[in-house]
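Written out below as structure tokens is the structure these notes cover.
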């Protein structure tokens, strides 16, 4: 018998009585716009839906629906009846106490992945994964924060809107592929650390959204990112990252890192809207101040992840032996990007073994005008395909001609990706020494000799939009300069990138 004292808790839409070993939840007779419990019949339906839906994840917690009988012997209201969970075992409580939650986070990831695998989908549900539906949800949350938040977050909200909608605009291919893969399902809808209880025989995940089916219809990654966002809000970003990594492992699904950031940002802004609503209705008391602070914090979390999730196309050029392949490789490693190199693509599109050299005189063989145009067109097509799927791309090629750069610039525009242009520069004598040395090293794929390299460098067209990276000195210094140049590079909105430090401590 649970001898814990009785406790009453209240939310905007329900009152919960914790009594003995049971929890009794009553819906408030309210119409909040996004939910309507104003009639007894509506509350009865919502109670039964809450039990039915939550039993999908925790059948041993949701016991059923009880009628409240009035003096006339007739039902006057209804209660959801649950097993009472121990407050001290909430995941949020353990995180705030800085307990080790790695085991339970992994268990939750496993349980949620299994739940998603059997969750229903269908044509109507799948429509919720479209770019149009995702854009609509972003706009609704952005408008909600704008209506109720203080002016202190106005600038951040404007940037959230630009980054979020731009990401969706360029990721139609990615979202369509996830719909076709059956990854848009009837999920939980509101995974929060407060509603996860860490019991000895495994976690219990409670309180899914029951009042509007469409709020549960979403990409499964969107669903699990809700809990990742909440863990980060509580100061446990490492646990959030562990959750997403474990979910990918247990679900057998993969997704670009940019999509993770996007959905964590979406969830943070959704919670910011809830906090803003609370702030608007509490007056000038401490609760109001807390809600205002929560709104600002959550908006910053959203903005931080949108910054980290910006899809980037980095074009690295320069004459042969200018160090561009070294810089391109280092940049790709830093951004977790796919590296496309002209040396390899040129031979692949012409049916040659990319591991074998194919030297030719200037503008001859695989390097004549037609072959070169085909190579750059293929580089552009490959980059566009990857960017539309939310992946960062680094392209390593000479880019000596303006039309070659324009091809990639057009790709960035068409895929709503940020374009960074780096031009590698080294003294002619250094480049000549490198070319002579590499001819003796079969590991180099470049076919240019000293004569071709000098000719290409001499006829390189002006590239005023590129940031110059000096590669004539130490390798480590050149790589550091390239990274710094990327951090200073303005994004599509003219804002300076801050990719190295965009996380926000709640």
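Summary of values
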| item | result |
| --- | --- |
| Index of the failed condition, residue 188 passing every other in (1) assigned to a helix (DSSP H, G or I); (2) buried (at least 22 other Cβ atoms within 10 Å of the Cβ) | (1) |
| Subset of the stretch 79-113 (residues that are closer than 26 Å to residue 13 by Cα and within 21 Å of the chain's Cα centre (by Cα)) | 112 |
| Test result for residue 91, in contact with a strand residue (DSSP E or B) (Cβ under 7 Å, 6 or more places away or on another chain) and either within 24 Å of residue 209 (Cα to Cα) or in the same structural domain as residue 59 (by TED's automatic domain parsing) (or both) | yes |
| Residues (modelled with pLDDT of 95 or more, more than 18 Å from the chain's Cα centre (by Cα) and closer than 30 Å to residue 236 by Cα) located in the stretch 114-144 | 114, 115, 116, 117, 118, 119 |
| Unique residue being under 21 Å from residue 252 (Cβ atoms), in contact with a helix residue (DSSP H, G or I) (Cβ under 9 Å, 6 or more places away or on another chain), in a helix (DSSP H, G or I) and in the same structural domain as residue 177 (by TED's automatic domain parsing) when the list is 105, 153 | 105 |
| Complete set of residues in the stretch 108-155 that are in contact with a strand residue (DSSP E or B) (Cβ under 6 Å, 6 or more places away or on another chain) and surrounded by fewer than 17 Cβ atoms within 10 Å (Cβ to Cβ) | 120 |
| Number of the condition not met by residue 49 [criteria: (1) crowded, with 16+ Cβ neighbours inside 10 Å; (2) in contact with a strand residue (DSSP E or B) (Cβ under 7 Å, 6 or more places away or on another chain)] | (2) |
| Given (1) closer than 30 Å to residue 240 by Cβ; (2) modelled with pLDDT under 85; (3) touching a helix residue (DSSP H, G or I) at 6+ places or on another chain (Cβ under 8 Å), number of the condition residue 338 does not satisfy | (2) |
| Residue in the stretch 163-183 that is nearest to the chain's Cα centre (by Cα), counting only those that are closer than 11 Å to residue 219 by Cβ and not in a helix (DSSP H, G or I) | 183 |
| Candidates 9, 43, filtered to the one that is closer than 22 Å to residue 216 by Cβ, in contact with a strand residue (DSSP E or B) (Cβ under 8 Å, 6 or more places away or on another chain), free of Cβ contacts under 8 Å to residues at least 40 places away in the same chain and not in a loop (DSSP other than H, G, I, E, B) | 43 |
| Residue among 382, 408 that is modelled with pLDDT of 95 or more, closer than 23 Å to residue 347 by Cβ, surrounded by fewer than 22 Cβ atoms within 10 Å (Cβ to Cβ) and within 29 Å of the chain's Cα centre (by Cα) | 382 |
| Residue among 351, 329 that is farther than 19 Å from residue 262 by Cβ, in a helix (DSSP H, G or I) and more than 23 Å from the chain's Cα centre (by Cα) | 329 |
| Total residues in the stretch 201-233, condition modelled with pLDDT of 95 or more and part of a loop (DSSP other than H, G, I, E, B) | 5 |
| Of all residues in the stretch 93-105 being touching a residue at least 60 places away in the same chain (Cβ under 8 Å) and surrounded by fewer than 19 Cβ atoms within 10 Å (Cβ to Cβ), the one that is farthest from residue 194 (Cα to Cα) | 102 |
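Every residue, every condition in (1) in a helix (DSSP H, G or I); (2) without any contact (Cβ under 8 Å) to a residue 60 or more places away in the chain; (3) closer than 21 Å to residue 217 by Cα; (4) in the same structural domain as residue 253 (by TED's automatic domain parsing), yes or no:
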| site | (1), (2), (3), (4) |
| --- | --- |
| 72 | no, yes, no, no |
| 78 | no, yes, no, no |
| 125 | yes, no, yes, yes |
| 133 | yes, yes, yes, yes |
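Results for (1) closer than 25 Å to residue 321 by Cβ; (2) free of Cβ contacts under 8 Å to residues at least 40 places away in the same chain, shown as yes or no for each residue.
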{"residue": "379", "(1), (2)": "yes, yes"}
{"residue": "384", "(1), (2)": "no, yes"}
{"residue": "418", "(1), (2)": "no, no"}
{"residue": "424", "(1), (2)": "yes, no"}
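Every residue, every condition in (1) farther than 30 Å from residue 420 by Cβ; (2) touching a helix residue (DSSP H, G or I) at 6+ places or on another chain (Cβ under 8 Å), yes or no:
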site: 254; (1), (2): no, yes
site: 258; (1), (2): no, yes
site: 263; (1), (2): no, yes
site: 266; (1), (2): no, yes
site: 279; (1), (2): yes, yes
site: 290; (1), (2): yes, no
site: 310; (1), (2): no, yes
site: 318; (1), (2): no, yes
site: 321; (1), (2): no, yes
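Let's see how each residue does on (1) over 27 Å from residue 481 (Cβ atoms); (2) at pLDDT below 95; (3) not in a loop (DSSP other than H, G, I, E, B):
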{"residue": "259", "(1), (2), (3)": "yes, no, yes"}
{"residue": "288", "(1), (2), (3)": "yes, yes, yes"}
{"residue": "292", "(1), (2), (3)": "yes, yes, yes"}
{"residue": "307", "(1), (2), (3)": "no, no, yes"}
{"residue": "315", "(1), (2), (3)": "no, no, yes"}
{"residue": "319", "(1), (2), (3)": "no, yes, no"}
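The values are calculated or read from the model by the stated rules, or taken from the named source; none is laboratory data. These numbers come from a predicted model, not from an experiment. Don't worry about glycine lacking a Cβ; one is built from the backbone with ideal geometry, like all the others, and counts go over all protein chains shown.
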